[in-house]
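Undergrad: Dropping a structure here in structure tokens format, bear with me for questions.
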Amino acid sequence: MSLLTEKEIDCPACRFPNNAEIWTVITVKTEPELRDLLLGGEINLVKCASCKEVFYANEFFLYHDQDRELMAFVYPPQQMGRKEELLKAAKQDFRESQVGVSIEEKLDYEPIVLFGMDALVGLAQNEEEAEIQGEIIDHLSKIHGFEVRRLKKSKAREMGFPPVIPVSSKKFPTLKESILDGISLVETFNDRLHIYRDVQKILLNSDELDIPILADKH
């Protein structure tokens, strides 16, 4: 469930204390419309009653989107220096919360930590664009006959990859080479898929990666 709470939030510009309703927990599975508000940058946005400055209420915030395997513990930006400590605590809290949970309901991904609402908004917007470009890749694969493989969403996020990856139908010694050839092929049909150019750069600047491809393909 999601939780809306009234808090006193100081304006970062004039320090005026504003009473505002802010979300401290969002569960997308039960309130999917809140993800749309997040994508629009409208979650926990406050307008100062004194100076009219518009700003994010950077209070601790828990965001969970189970379909996208995203559980984010969002802390105020000034706590960034404690990242390792907070990530360790978040993972410990998460593991404790999974004790006694049935196998069917147990989550098979761990939380991430972010600092500031703008970091969460940026991540959600980037992943929304990755989903759109992934749909284009799916469509192109059906027309032009190359293969598409899928990554586990939480692992794709960790690697900086979109969850849908084009793979060459040619035989290559490594998966890395197959993906690079697949991306090169895609660019001949659509050269505006910038997320896949980013994947290309990651692969070109790395050794062979452990890329956990899921079983389904077409």
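Undergrad: Considering Asp207, Asp181, Asp138, which residue is among the acidic types (Asp, Glu), surrounded by fewer than 13 Cβ atoms within 10 Å (Cβ to Cβ) and without any contact (Cβ under 8 Å) to a residue 60 or more places away in the chain?
TA: Values: Asp181 fails: surrounded by fewer than 13 Cβ atoms within 10 Å (Cβ to Cβ); Asp138 fails: surrounded by fewer than 13 Cβ atoms within 10 Å (Cβ to Cβ).
Sole residue among the options that is among the acidic types (Asp, Glu), surrounded by fewer than 13 Cβ atoms within 10 Å (Cβ to Cβ) and without any contact (Cβ under 8 Å) to a residue 60 or more places away in the chain: Asp207.
Undergrad: Can you name every one of the strands (runs of 3 or more DSSP E) wholly within segment 84-177 that holds 2 or more residues which are of a type outside the set (S, T, N, Q) and closer than 22 Å to Leu34 by Cβ? Break it down stepwise before answering.
TA: On the way: elements: 112-115, 147-151, 164-167.
So the answer is 112-115.
Quick grid of which residues meet (1) at pLDDT 95 or above; (2) assigned by TED's automatic domain parsing to the domain that holds Cys14; (3) acidic (Asp, Glu):
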{"position": "Cys48", "(1), (2), (3)": "yes, yes, no"}
{"position": "Glu53", "(1), (2), (3)": "yes, yes, yes"}
{"position": "Ala57", "(1), (2), (3)": "yes, yes, no"}
{"position": "Tyr63", "(1), (2), (3)": "yes, yes, no"}
{"position": "Met71", "(1), (2), (3)": "yes, yes, no"}
{"position": "Pro76", "(1), (2), (3)": "yes, yes, no"}
{"position": "Lys88", "(1), (2), (3)": "yes, yes, no"}
{"position": "Ser97", "(1), (2), (3)": "no, yes, no"}
{"position": "Glu105", "(1), (2), (3)": "no, yes, yes"}
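Undergrad: Being part of a helix (DSSP H, G or I) and without any contact (Cβ under 8 Å) to a residue 40 or more places away in the chain is the filter here, so list the residues in segment 6-45 that pass it. Let's see the steps before the verdict.
TA: Our first condition is that a residue be part of a helix (DSSP H, G or I); within segment 6-45, this holds for 33-39.
The answer is Glu33, Leu34, Asp36, Leu37.
Undergrad: Another question, then. Quick one: in segment 98-125, which of the residues that are free of Cβ contacts under 8 Å to residues at least 12 places away in the same chain and surrounded by 12 or more Cβ atoms within 10 Å (Cβ to Cβ) is farthest from Pro162 (Cα to Cα)?
TA: Applying the filter and picking the extreme gives Gln98.
The values are calculated or read from the model by the stated rules, or taken from the named source; none is laboratory data. These numbers come from a predicted model, not from an experiment. As a convention, Cβ positions derive from the backbone with ideal geometry for all residues, glycine included, and neighbour counts pool all protein chains shown.
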